[in-house]
Each structure stands twice: as structure tokens, then as C-alpha cells.
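Heads up, the thing below is written out as C-alpha cells.
What follows is calculated from the coordinates using simple rules that are stated; it is not laboratory data. What you are looking at is a predicted structure, and each value in this text was computed from that prediction instead of being measured. No Cβ is skipped: glycine too gets one built from the backbone with ideal geometry, and neighbour counts run over all protein chains shown.
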Amino acid sequence: MFLIVGGDSEVGAAAFAALKGQGHAAAATTRRRDLVSDDRPFLDLDTALDGFEPPQGTTAACICAAVARLGDCAADPHASAHINVTQTLTLVERLLARGIYVLFLSTNRVFDGRVPQVPPDAPHSPVSEYGRQKARTETALSDYVARGAPVGILRLAKVVSPRTPLFQGWIADLPRGKAISAFGDMTVAPTEITFVCSAIGTLLSEQASGIFQLTGPRDVSYADVGRFLAAKLGVDSSLVQETSARTAELPEGTILPHTTLDYSALRNRLGLEVPDVWQVIESVTRSAVSQSRIMQNAG
């Protein structure tokens, strides 16, 4: 039995669906009382965890739940750290005590982004409150790993899907001749959500300990993505209006020069090869357009 902690999140929900689709016994926690069922146990990391018991037969768990918005962490460091650090580590201890392998989803934001392809063993250098909290949790989990505990850390950067609001909006607006604004000084190395789910499933099955990283192989600007979408959708690239992220009053640490991480451990140990950025964007665009057409026809 695989347990996804944070089944209401996009990655958590997708990982749960992927595992079930592959025939695995799986459950995913929910914070919504109306969704509670045999395979959707209730769990809220903002409440006491004393009474929580993982479903019977659970052998591996992936922790997707977190306060993940940089602005929310910056606005309330104490409350967000309570969930992202204190409660997460309490849950990890509870799972490990029951002999359950734990995979913790982390972020490229434990680094400052000054260099590309950061190796897994590089010292933490976060520049956002969210990154600092994830780094603190990683440090504690690395101590567990050093003592032989079955713990894995999977660092991700930008995970995209046909439902990613920014790209979904662009894909809807551009064919209508509506201009879009895209940052020319903010980079992204996207990974498609289906690929992330595959990595999660593999790591849970292998119960792989240590630090693993998964990002796209190179960075491009959001403006580059906008122009690529315009070309794919057959519209004038002048509809993509390049703007600066530095004038957008974004939370501290949002703008990083580089977002890529060295994913060779996943490639070498698990045989996973990360698609190039344009393959990812093209796949997401194709799926989003297809889903839009299905909805239009259904309407």
C-alpha cells in the first residue's frame, strides 16, 4: 500500500491517480471531510497528529502536503513553518516508527539559483522563507538517512500540466488575439506532472534513500515560453509582451537566475531521462488544446 500525504494538492492528486491507474494499492489523505473514504483518510497537518494512523498495510508514503506559496510563507513564517517543518517531521517520525518508507517532496528553492545544475550534495543557500523551511526539514531528514532510516528526498522545480493556470490562460488568450504578458528576466525549467508522478512511483516502489532531483535540463525565460506557445498556436509573436519580474512586487526569493538541478542520480539509478523544455511545453499545449475542444464540444 502506497500513501500519498496531501492528496488535495495537484501533484498529490495526480500521483494518487497514477498509482491507482497502474494497479497499485494506494490511498491519499485529504483535509476535506466530505471527501473522506477508505482510500481518502483525513489528515490535516495543521492539527495534532497523535490520533493519525496510516492505512493498514502501508509500506511507503510520499509527503506532498505543504504551504508551498512563497508569499504565504513570507507573510506568516511561524504558521507556515509549523506545517512545513514541525508537523512534517512529526509525521515522518510517526511513519518511520511503523516501518514505513518516507519520500519527502522538496524544492529547488533550497538553493539561491546562482548556478545551474546544482548537485544534490551542495550546501543549502535559500533566499526565501519557503526555501529556508524546506532546507530545515531536509537537514533533519538527512540526519535520519545518515542513521540508516528509509527516507528519500525528491527536489522539484516548476511542475506543469494542462491545468497550470498561467499556461492555461495563455493557451486560451493567444488564439483569440489577446496579448499576454511574460517575464523576460525570470526563468523556468519545467517538468511535466506525468513525469513527476512516474518518478514518485518509482522511488516509492524502490524505497530509494537519499537525495534525488528532478527538473528540466535547461532554463528558458517565461517570455521564451510565451513566444514558443504563440508559434505552436499559429499566432503573431507580437502578442507576447515581454515584461520585467523585478517590477511585479513578487515575494522575496521568487526570481532566481537558474532553476535547474542535477538529475543524474535519477537518470543513472532509475533510468529516468528528463524531456527537454520544449517537449514539455508542446505536450502540455497539445493536451490543453485537446481538453478545451472536448469541453467546447460537450457544451
>> Along the charge dipole of the chain, pointing to its positive end and built from +1/-1 on Cβ of Lys, Arg, Asp and Glu, which listed residue (ALA26, ALA97, ALA288) has its Cα farthest out?
In response: ALA288
> Among 79-88, 2-11, 165-174, how do they line up from the highest to the lowest mean number of other beta-carbon atoms within 10 Å?
Replying inline: 2-11, 79-88, 165-174
> Once both axes come from the Cα atoms, what is the angle between helix 193-206 and the longest principal axis of the chain, in degrees from 0 to 90, rounded to 10?
Replying inline: 20 degrees
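Calculate the dipole size of segment 39-82 relative to its Cα centre from +1 charges on Lys and Arg beta carbons and -1 charges on Asp and Glu beta carbons; express the result in debye to the nearest 20.
For segment 39-82, the charge dipole is close to 160 debye.
Can you pull out the GluC sites (Glu not before Pro) in segment 192-254 whose DSSP state is coil and whose Cβ has at most 14 other Cβ atoms within 10 Å?
The qualifying sites are GLU249, GLU252.
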> Using the 10 angstrom Cβ neighbour count as an exposure proxy, how do ARG98, ARG40 rank, fewest first?
Replying inline: ARG98, ARG40
> Which chymotrypsin sites (Phe, Trp or Tyr not before Pro) from segment 16-89 combine a DSSP loop assignment with at most 10 other Cβ atoms within 10 Å?
Replying inline: none
> 222 nm [θ] for the chain, helices only, -39500 (n - 2.57) per DSSP H run of 4+, per residue, to 500?
Replying inline: -12000 deg cm²/dmol
> Among the lysines, which have Cα under 28 Å from the Cα of LYS178 when same-chain residues fewer than 8 positions away are ignored?
Replying inline: LYS158, LYS232
> Residue by residue, what Karplus-based ³J(HN,Hα) values in Hz, rounded to whole numbers, does segment 274-283 have, using 6.51, -1.76 and 1.60 with θ = phi - 60° and x for Gly and Pro?
Replying inline: 7, x, 5, 4, 6, 5, 5, 5, 5, 5
> So, with +1 on the Cβ of K and R and -1 on the Cβ of D and E, and no other charges, what is the size of the charge dipole of the chain about its Cα centre, to the nearest 20 debye?
Replying inline: 420 debye
> About its Cα centre, how strong a charge dipole does segment 110-200 have in debye, to the nearest 20, once Lys and Arg get +1 and Asp and Glu get -1 at the Cβ?
Replying inline: 200 debye
> Where the convex hull is taken over the Cα atoms of segment 114-238, what is its projected area averaged over directions, in nm²?
Replying inline: 9.0 nm²
>> How would ARG269, ARG33, ARG155 line up from fewest to most surrounding beta-carbon atoms within 10 angstrom?
In response: ARG33, ARG269, ARG155
> Normalized C-alpha radius of gyration of segment 115-183, against 2.2 N^0.38 Å?
Replying inline: 1.68
> Which residues' amide hydrogens lie under 5 Å from the amide hydrogen of ARG218, considering only partners 5 or more residues apart or on another chain, with H built in the peptide plane?
Replying inline: VAL277
> How big is the shadow of the Cα convex hull of the chain, averaged over all directions, in nm²?
Replying inline: 16.1 nm²
>> Between helix 88-97 and the chain, what is the angle of the helix's C-alpha long axis to the longest principal axis, kept within 0 to 90° and rounded to the nearest 10?
In response: 50 degrees
>> Can you compute 3J(HN,Hα) from phi for each residue in segment 15-27, using the Karplus curve 6.51 cos²θ - 1.76 cosθ + 1.60 with θ = phi - 60°, rounded to whole Hz and x for Gly and Pro?
In response: 5, 4, 4, 5, 5, 5, x, 8, x, 7, 6, 8, 9
>> Cut-off is 10 Å between beta-carbons; in what order do LEU49, LEU266, LEU105 appear when sorted fewest neighbours first?
In response: LEU49, LEU266, LEU105
